[in-house]
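Student: Dumping the structure here so I can ask a few things about it.
The values are calculated or read from the model by the stated rules, or taken from the named source; none is laboratory data. What you see is a predicted model; the values in this text were computed from it and never measured. Positions of Cβ are backbone-derived with ideal geometry, glycine not excepted, and every protein chain shown enters the neighbour counts. What goes into the accessible areas is simple: the full protein's heavy atoms, side chains included, and nothing from ligands, DNA or RNA. Shrake-Rupley method; radii C 1.70, N 1.55, O 1.52, S 1.80 Å.
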Amino acid sequence: RSFLRGPHEPTDDSGQIVDTRFEAFGCGSDIASSSVASEWIKGKTLEEVLTIKNAEIAKHLRFPPVKLHCNMLAEDAIK
């Protein structure tokens with residue numbers, strides 16, 4: 001299971017997210033998905049973050065079909 005979390009005020013004056021942290025429990029694919037998602041979130045607005053899809057994470061990490069559930073957890077954690 002993945003959790004993405006940030007500080008209480010994660011945005012700067014422009015509304016962009018300045019910092020994220022992740023906590024992941026599971027396999028290496030789960031940790032990699034959470035790590036990529038947390039990096040992609042930085043510098044985006046909340047509206048932009050909600051457009052990140054698990055398919056993009058899977059394509060970036062080149063996951064085999066058996067590991068696709070891991071990036072779904074990362075997308076769920078974002079939302």
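Student: Name the pairs: first residue in region 54-79 and among the acidic types (Asp, Glu), second residue at pLDDT 75 or above and open to solvent by less than 30 Å² (accessible area, probe 1.4 Å), Cβ to Cβ under 8 Å, at least 6 apart or on different chains?
Tutor: Glu75/Ala37; Glu75/Ile52; Glu75/Ile57
Student: If you check Gly15 against the conditions, is it over 11 Å from the mean Cα position of the chain (by Cα) and either modelled with pLDDT of 80 or more or surrounded by 16 or more Cβ atoms within 10 Å (Cβ to Cβ) (or both)?
Tutor: Taking the combined requirement at face value, the residue satisfies it.
Student: Select the helices (runs of 4 or more DSSP H) contained entirely in region 23-64, then report the ones holding at least 1 residues which are touching an Asp or Glu at 6+ places or on another chain (Cβ under 6 Å).
Tutor: Where helices (runs of 4 or more DSSP H) fall fully within region 23-64 and carry at least 1 residues being touching an Asp or Glu at 6+ places or on another chain (Cβ under 6 Å), they are 54-61.
Student: Same structure again: As an exercise: evaluate Phe25 against (1) more than 15 Å from Ile78 (Cα to Cα); (2) without any contact (Cβ under 8 Å) to a residue 24 or more places away in the chain and give the number of the one condition it does not meet.
Tutor: (2)
Student: Assess whether Lys59 counts as being under 12 Å from the mean Cα position of the chain (by Cα) and either open to solvent by 70 Å² or more (accessible area, probe 1.4 Å) or more than 25 Å from Ser14 (Cβ to Cβ) (or both).
Tutor: no
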